[in-house]
Amino acid sequence: MDERLLWLWLSLRLPAGSKVGPKLLSHFGGVEAVYESERKRFLACEFLNHRHINALSDKDMFEAESILAFCEKYKVTLITMGSELYPKTLETLENPPLVLYALGKIPNFNSDLFIAVVGTRSMSDYGRVISYGMGYNLAAGGACVVSGLARGIDSTAQTGCLDAGGTTVAVLGCGINVVYPKENRPLMKRIVDSGGLILTEYPPNTPPHGGNFPVRNRLICGLCQGTVVVEADRKSGALITARQAIMQGRDLYAVPGRINAHGSSGTNELIKEGAQIARSALDVLENYWFLYPHCTNLSAAKLAPPSPDRILTVACHPEEGFDWGAYSESTPPEMPEPERKKPAPARTKKTVEKKVSEPQLESEEEEPSVSEITPSFDTSRLSPAEQKVYSAMIPNKPMGLDDLAKCGLSSKVITGALTLLEIYGAIEASPGGFYIRKQ
C-alpha cells in the first residue's frame, strides 16, 4: 500500500493540532503499525479516548484515496512526517502536523532563513507602510517571508516580499483549494507562479472555520527562526502567534507604535514583556547573517522599498481567476473519486458527507481575533493538565494564576496549559494577566 495513504488515513482520524499522533507513532512504532492495529490494542492505550478509538478502528480508505487522487491530479505535494521534505523545525513541536499539503515550489526549510511577519487585519496606514517595507526588505536581504495570507498585515508583507523578487510561504487555515479571503485569489496565484508555496495541514475543501486559525498559527512561527509582529492590538489573533513563538523557543520581534495608538497596543505590550524591537528588517537580519551567510545580504536589506502610494490596495482584483494545477482550468477542481480495486465497504451517511466533491471556493467568515474565537473543540483531546485548568475556570469570570493554584499544578504548568487553551479557542486573555473561560 502507498504509505501516503496511511498518513492521510491517520491525519483524517485526528483533529489538526492533536498531540495524539506522535504518541500513537511512538507507541506502535510507525504509521503502518497504527493502521494494522485492532480495536483491542487501542483500548489498552491510556492516552486515547473513546472518540479516538472509534476513529482509529475505522480502516476505510475511501476519503484518503480521494484526496490522494486529487493531489496527484493537481500537483499538490503531500509532505508526511518523517519524510525528507518535512521541516525539521516542526518535528520539535508537541503537536506537529502529520501531513502537509503543498502547492508550489518547496523551499529548503532545513537550511535557509525563514522569518514570519504577522499582524492585524485592520491595519492603519502606518501598519501598511511598515509591513510592506518589512516584507520587501526581508526578502531583499535573503529571508523567506512566511505569513498567513490574511487581510491586512499578512498579505501586505507577502506582497512586499514578492515585489522585491523574494520567496514567500503562505500557511492557510483552510483546504489547499479554498481561496480565503476571496480577494487574495490573484495573490495566491502570484505566490505559486513566482516560486513560492501555499501550505496547509487541512484536507482539501476544508472551510476557513474560526477555530482553524489559532491552530494554524503554530505552524507559521514553527517554520521560522523569528517572528515579527508589525501591528496588533491587545486582542489581535497575531498575539497568539507571538505566544506560540515564545513557547517554541523562537525569536520574537515587535514593531513599536505610538503609545496612544490602539492598533499598536499589543505590539508595544510585547516589547514591554521582552520582545526585541524591530524598527526595520535590518534589526532582524543582523541577528542571523552569521548563521546563514549563504543567503543573507545586509546591504540589500537597507535599500528603500518602493513608494507606499502604490500599495494602497494590496488585495488585487477578485475577478482574476486562480487556475489550479497546470493552470489550464478556469475554476478550481472538484475532488475526483478514485476507482476501487475491491468492493467498497458500507459507508454511513456521515462518511459519505465527509468526502468533498465540490470545493468551498470562498467564505465571508473572518479570521478571528483572540476575543472572537468561538470554542469549537473536543475537550477530550486536552491533556490532563489542560483538563484540570479548564475545569477549574468559571465561565465568563476573569481568573489569574493565583485563582488557578487550587488545581495543584505548578505555575509553569498552568501557564503552559493556559496558552494552549487559548490556542484551542477555549479561553481568552484579559488585561492584567487574567483569563476568561468562554463556556
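Yes/no matrix, rows are residues, columns are (1) over 24 Å from Gly152 (Cα atoms); (2) modelled with pLDDT under 95; (3) in a helix (DSSP H, G or I); (4) not charged (D, E, K, R):
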site	(1), (2), (3), (4)
Glu84	yes, yes, no, no
Asn95	yes, yes, no, yes
Arg121	no, yes, no, no
Arg128	no, yes, yes, no
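Listed conditions (1) closer than 28 Å to Glu91 by Cα; (2) of a type outside the set (A, V, I, L, M, F, W, C); (3) not in a helix (DSSP H, G or I) are all met by Gly257, apart from (1). For the list (1) crowded, with 24+ Cβ neighbours inside 10 Å; (2) at pLDDT 95 or above; (3) not aromatic (Phe, Trp, Tyr), I need the number of the one condition that Gln225 fails. Result: Gln225 fails condition (1) only. Only one entry of Ile191, Ile176 meets the criterion of being outside any loop (DSSP other than H, G, I, E, B) and out of contact with any Asp or Glu (no Cβ under 8 Å at 6 or more places or on another chain), and that entry is Ile191.
So, of the residues in the stretch 239-254 that are within 18 Å of the chain's Cα centre (by Cα) and not in a helix (DSSP H, G or I), which turns out to be surrounded by the fewest Cβ atoms within 10 Å (Cβ to Cβ)?
Kept after step one, since they are within 18 Å of the chain's Cα centre (by Cα), are these residues of the stretch 239-254: 239-252.
Filter once more, keeping what is not in a helix (DSSP H, G or I): 248-252.
Values: Gln248: 18, Gly249: 7, Arg250: 18, Asp251: 18, Leu252: 24.
The qualifying residue surrounded by the fewest Cβ atoms within 10 Å (Cβ to Cβ) is Gly249.
The set of residues in the stretch 255-273 being at pLDDT below 95, aliphatic (A, V, I, L, M) and either touching a Pro at 6+ places or on another chain (Cβ under 9 Å) or within 21 Å of Tyr288 (Cβ to Cβ) (or both) consists of Leu270, Ile271. Can you confirm whether Ser236 is surrounded by 24 or more Cβ atoms within 10 Å (Cβ to Cβ) and assigned to a loop (DSSP other than H, G, I, E, B)? Considered against the rule, which asks whether it is surrounded by 24 or more Cβ atoms within 10 Å (Cβ to Cβ) and assigned to a loop (DSSP other than H, G, I, E, B), Ser236 comes out as yes.
Within the stretch 38-55, does at least one residue satisfy the condition of being under 22 Å from the mean Cα position of the chain (by Cα), of a type outside the set (S, T, N, Q) and part of a helix (DSSP H, G or I)?
Initially, the stretch 38-55 is screened for residues under 22 Å from the mean Cα position of the chain (by Cα), giving none.
No, the stretch 38-55 contains no residue that is under 22 Å from the mean Cα position of the chain (by Cα), of a type outside the set (S, T, N, Q) and part of a helix (DSSP H, G or I).
Taking the condition under 15 Å from the mean Cα position of the chain (by Cα) and under 29 Å from Leu291 (Cα atoms), does Leu100 pass? Spelling it out, Leu100 is indeed under 15 Å from the mean Cα position of the chain (by Cα) and under 29 Å from Leu291 (Cα atoms).
Using the structure shown, decide if Ala304 is part of a loop (DSSP other than H, G, I, E, B), over 15 Å from the mean Cα position of the chain (by Cα) and under 30 Å from Lys182 (Cα atoms). Even if it seems obvious, please write down each step before you answer.
Details: part of a loop (DSSP other than H, G, I, E, B): yes; over 15 Å from the mean Cα position of the chain (by Cα): yes; under 30 Å from Lys182 (Cα atoms): no.
Taking the combined requirement at face value, the residue does not satisfy it.
Scanning the stretch 66-88 for residues that are under 18 Å from Lys23 (Cα atoms) and surrounded by 19 or more Cβ atoms within 10 Å (Cβ to Cβ) gives Thr80, Met81.
With respect to (1) assigned to a helix (DSSP H, G or I); (2) modelled with pLDDT under 95; (3) more than 22 Å from Lys75 (Cβ to Cβ), the lone exception for His209 is condition (1). For the stretch 128-174, how many residues meet the condition of being in contact (Cβ under 8 Å) with a residue 60 or more places away in the chain and farther than 24 Å from Asn212 by Cβ? Count: 17.
The values are calculated or read from the model by the stated rules, or taken from the named source; none is laboratory data. This one's a predicted model, so the numbers in the text were calculated from it and none came from an experiment. Reconstructed Cβ throughout: ideal geometry from the backbone, glycine too, with neighbour counts over all protein chains shown.
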